[in-house]
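What follows is a single structure, written as structure tokens, with notes after it.
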Amino acid sequence: MRLFNRIFGVKPGRNAPRLERLLWFRGYYLRNLPLAALAIGALALFLKPSHLWIVAVIVMPWAAGFTRLNVEIRNEKRRAES
């Protein structure tokens, strides 16, 4: 657990503001990106060109989730401002 906290930071509790939890989760997403990119790159390197759709199947849900997370963060910041 200490290593997890060192790498990703201390996870906000359930009572923490929603914006704080969303920002922590975005950091979690981004800190995993280099390892995921390396794994996906290796997978793409070893697959035949006809099997590269597998890479898209892996990348697209990640990108969609990250985009949605950023939209939620933006919306939560707007709510906090008003």
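A few notes on this one:
- Qualifying residue in segment 8-22 (condition: out of contact with any Asp or Glu (no Cβ under 8 Å at 6 or more places or on another chain), under 26 Å from E81 (Cβ atoms) and part of a helix (DSSP H, G or I)): yes
For (1) of a type outside the set (V, I, T); (2) under 10 Å from the mean Cα position of the chain (by Cα); (3) under 19 Å from I7 (Cα atoms); (4) at pLDDT below 95, each residue gets a yes or a no:
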{"site": "F25", "(1), (2), (3), (4)": "yes, yes, yes, yes"}
{"site": "L35", "(1), (2), (3), (4)": "yes, no, yes, yes"}
{"site": "L38", "(1), (2), (3), (4)": "yes, no, yes, yes"}
{"site": "I73", "(1), (2), (3), (4)": "no, no, no, no"}
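- The set of residues from segment 40-60 being over 17 Å from the mean Cα position of the chain (by Cα) and of a type in the set (G, A, S) comprises G41, A42, A44, S50.
- For V59, the criteria (1) assigned to a helix (DSSP H, G or I); (2) at pLDDT 90 or above; (3) of a type in the set (A, V, I, L, M) hold in every case but one, which is (2).
- Near pairs, Cβ below 7 angstrom, 6+ apart or cross-chain, from segment 10-28 (of a type in the set (D, E)) to any residue that is part of a loop (DSSP other than H, G, I, E, B): E20/P12
- In segment 42-55, the residues that are surrounded by 11 or more Cβ atoms within 10 Å (Cβ to Cβ) and in a helix (DSSP H, G or I): L43, A44, H51, I54, V55
- Residues that are in contact with a Lys or Arg (Cβ under 9 Å, 6 or more places away or on another chain) and of a type outside the set (A, V, I, L, M, F, W, C) within segment 25-78 comprise Y28, N70, E72, E76, listed in sequence order.
- Number of the exception - A16 against (1) under 12 Å from the mean Cα position of the chain (by Cα); (2) exposed (fewer than 14 other Cβ atoms within 10 Å of the Cβ): (1)
The values are calculated or read from the model by the stated rules, or taken from the named source; none is laboratory data. Remember, it's a predicted structure, so these values are computed and weren't measured experimentally. Because the Cβ atoms are built from the backbone with ideal geometry, glycine has one as well, and the counts that use them run over all protein chains shown.
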